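As structure tokens, the structure follows; a few thoughts come after it.
Only the coordinates and a few stated rules stand behind these numbers; no lab work does. Predicted, not measured: the structure shown is a model, and the values here were computed from it. FYI the Cβ positions are ideal-geometry reconstructions off the backbone, even for glycines, and counts take in every protein chain you see.
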Amino acid sequence: MSIDSYLSAYLDRRMTTIISEWQIATRSDLADLNRRFYRAQDDLAGLKNFEKETEKKLEVLEERVSRLQELRR
């Protein structure tokens with residue numbers, strides 16, 4: 001057995017442990033991170049739309065409250 005084949009076999013057996021111990025990112029980790037990033041961006045866009053709609057509704061409600069207060073006087 002050559003040193004190359006021995007090292008390859010060792011790395012094959014221990015790769016999961018090595019990745020975990022050294023906290024090495026794998027391609028699947030990066031792909032998952034990428035998916036989570038785009039999902040967060042989509043959620044943020046939806047949140048911005050919600051914020052705009054809520055702001056408009058609050059303005060209408062504040063306007064109605066002002067009119068009601070004026071009627072009370």
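Structure data summary
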quantity: Gained length - Glu51 relative to Gln69, 0.36 nm times residue gap less alpha-carbon distance; calculated: 3.8 nm
quantity: Potential extension, Asp43-Ser5 segment - 0.36 nm per residue separation minus Cα distance; calculated: 8.8 nm
quantity: Nearest-ten-degree value, helix 27-72 long axis tilted from longest Cα axis of the chain; calculated: 10
quantity: Positive-end extreme of charge dipole, the chain - chosen from Ile3, Gln69, Ala25 (charges on Cβ); calculated: Gln69
quantity: Radius 12 Å from Cβ of Lys57, net charge of other residues (Lys, Arg +1; Asp, Glu -1); calculated: -3
quantity: Once the Cα gyration tensor of segment 19-59 is diagonalised, semi-axes √(5λ) in Å; calculated: 38, 9, 4
quantity: Net charge dipole size for the chain [Lys, Arg +1 and Asp, Glu -1 on Cβ; Debye, nearest 20]; calculated: 380
quantity: Of (i) 12.3; (ii) 14.6; (iii) 17.9, the label for Kirkwood radius over Cα pairs in Å derived from the coordinates; calculated: (iii)
